[in-house]
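Worksheet for the structure shown next.
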Amino acid sequence: MCGIFGHISVGGKNSASVCLQGLKFLEYRGYDSAGISGIYKKKLKSFKHVGKVSSLQSLNLHLGIAIAHTRWATHGAITQANAHPHFDERKEFSIVHNGIIENYLDLKRELMNQGVVFQSETDTEVVVHLLAREYQGSLFDAMKRVTQKLRGAFALAAISSKEPESIVCAVRSAPLIIGICHETGDIYLSSDANAFSGMTLDVFYLLNDEIASLTPEKICVINKHGVELVKNLERLELKHTKLDKEGFEHYLLKEICEQPQSLMRALLGRIDEMNMTPIFSELTLEDHVFMDCDHITILGCGSAYHAGYIAKSMIEKMAGKHVSVEIASEFRYNQPLITEKTLVIAISQSGETADTIAAIELAQQKTSRIIAICNVMTSTIARMIKNTISLKAGPEISVCSTKAFTSQLLVLLLLAIKFGRTLALTKNEATSLFSQIHDMISGVEKLLEQKSEIEQMAKKTSHYDHTFFIGRQEMVPTCLEAALKLKEVSYVNALGIAAGELKHGTIALITPQSLTIALCGNERTEEKMESNMMEIISRNGPVFAFANEGCQSIQKLTENVIFLPKLSDQFSPFLYAVATQLYAYYVAKERGCDIDQPRNLAKSVTVE
Ligand code: F6R
């Protein structure tokens, strides 16, 4: 987590304003505190505040060089002292950091024994004290020596009043991109290329254990052996990304409502109508990779994991291959039974999730059959995996994932059809599936017109502090996703559970004060689902439901039903996911939550 940005001005721009603008694009990586350091009249100047980047807005200083940071707290509380940048005791060196220094306690102990007084509880502060101690006339050389002492993950940027024209950066297992403006000669650095919105830059990425010295005269990069590297520059031309709610009260609502368009983008140009098979221009894998794979493993975290869980049954049905879905943070510590015949599909909206990256690295040791599915195509995962399919969902600003989730589902469905077509799925079956995809997108459009019904349901139920989502078959992972959305944006304690599992324990929690929302999107198990709802009603548990249009029997159980357009069982998760996203949104609104930036969260989870 955390985002870092830096700028050296050659063309006269104010580095303070450039960094503030850059930080706004990185705020999705954390918004606990923000800070900036620069050199002003040969002295280090810095500003840091608890809270969002906007808290730095009053900064009124013209800087020619600056480094900046937006924090998601890992080590140390959310306080001004723990906000980055951090300094040495003489305030001659300043540093910003993304990642975790795992051996910081040992280093801190050593430094304290030497009399260093620490100002913060962070892991980062050890780095700046070490830099000051190792400095013998070159910040670059000091950084070389310091990084040899560090364990863990880091993207670091440091400045010093002793070298007022340079920034030194170092990277291990964390992203950092460096860009040069060919017109002005200005130099930029950022945790994410998207922060270069509206700019045309010649860029390169710093890779593991590389260190860079950036000055207006020269950029020098070395590897861990001290060998100077020639970095290939790539021209990056980023259109100006409008951070604009376009009339919506929150990004979350805007992004929920964009789903008919984002789903269409994920579909367009991806159907070979002659052969009735999906095509992905991004994939270079031959068909035999699917045909003779003996197992498919899907990796992801949070919503991406849920998308994989929903897709499991789609792929198993269409391709007849066994699919296992693994939480990336667990997989990375397992001894996975992967062989070179296993096809791995890694899903990540941001492409920066540390656990997913580590899980991919583990999978890469065993198989070369890896497909990634990402929304951010400049991200670490998209750069690591040649076969990365783009979600084309467009920037997702709200921390809570919505449109990227449904696009992940759609891309997985297309992959399922593609695998199926290389095996037993007929042209006619594929034709029917494509037509159902179009019906699904129209269904999402129709459902969005029912927003106010869902808002009413949220108004009636927002006072419940405990909510259970129950469902069967494809609705089980959909319930997990619904519960995650409600938890993260409205802070309601929500649980998604297979309806048939209730009686095995969880039913003990049913009281008049706990709400159950039944997701009745699976026609095959309709009657079983109704019995499970009855079990709750009999115990005085309030039950609301989302159900398929035309399913009248539900109304005998509860008057609180919202009917959704009817689709086949395997397509229902799309609609029920969107309906429960809306529900979570309106409950959060009723409860007065910080909807787009919920407490304790960050959009990109770059630490373990
Ligand atoms: C939930 C949410 C998270 C992410 C998870 C993985 O709304 O956004 O659960 O899905 O952190 O993130 P990515 O997909 O970027 O790897």
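The values are calculated or read from the model by the stated rules, or taken from the named source; none is laboratory data. Predicted, not measured: the structure shown is a model, and the values here were computed from it. In this analysis, Cβ positions are derived from the backbone assuming ideal geometry, glycine residues included, and neighbour counts consider all displayed protein chains. Side chains included, ligands, DNA and RNA excluded: accessible areas come from the protein's heavy atoms. Shrake-Rupley method; radii C 1.70, N 1.55, O 1.52, S 1.80 Å.
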- Item | Search result, residues across segment 292-312 that are at pLDDT below 95 and open to solvent by less than 10 Å² (accessible area, probe 1.4 Å) | 293
- Query: Across segment 290-325, what is the total count of residues that are in a helix (DSSP H, G or I) and either within 16 Å of the ligand (Cβ to nearest atom) or out of contact with any Ser or Thr (no Cβ under 9 Å at 6 or more places or on another chain) (or both)?
  - Reply: 16
- Among the numbered conditions (1) in a loop (DSSP other than H, G, I, E, B); (2) free of Cβ contacts under 8 Å to residues at least 60 places away in the same chain; (3) within 25 Å of the chain's Cα centre (by Cα), tell me where residue 283 comes up short. (2)
- Restricting attention to segment 142-160, and to residues there that are under 22 Å from residue 5 (Cα atoms) and without any contact (Cβ under 8 Å) to a residue 40 or more places away in the chain, which single residue is surrounded by the fewest Cβ atoms within 10 Å (Cβ to Cβ)? 142
- What are the residues in segment 221-252 that are open to solvent by 70 Å² or more (accessible area, probe 1.4 Å), closer than 14 Å to residue 207 by Cβ and among the basic types (Lys, Arg), if any? 224
- Message: Testing residue 194 on (1) closer than 28 Å to residue 452 by Cβ; (2) within 20 Å of the chain's Cα centre (by Cα); (3) open to solvent by 20 Å² or more (accessible area, probe 1.4 Å), one condition comes back false. Which one is that?
- Response: (1)
- Query: Could you list, in sequence order, the residues of segment 224-271 that are outside any loop (DSSP other than H, G, I, E, B) and more than 18 Å from residue 441 (Cα to Cα)?
  - Reply: 228, 229, 234, 235, 236, 237, 251, 252
- Task: Mind listing whichever residues of segment 545-560 are closer than 18 Å to residue 451 by Cβ and surrounded by 20 or more Cβ atoms within 10 Å (Cβ to Cβ)?
- Result: 545, 546, 547
- Are any residues in segment 79-122 among the aliphatic types (A, V, I, L, M) and either under 32 Å from the mean Cα position of the chain (by Cα) or closer than 19 Å to residue 23 by Cβ (or both), and if so, which ones? 81, 83, 95, 96, 100, 101, 105, 107
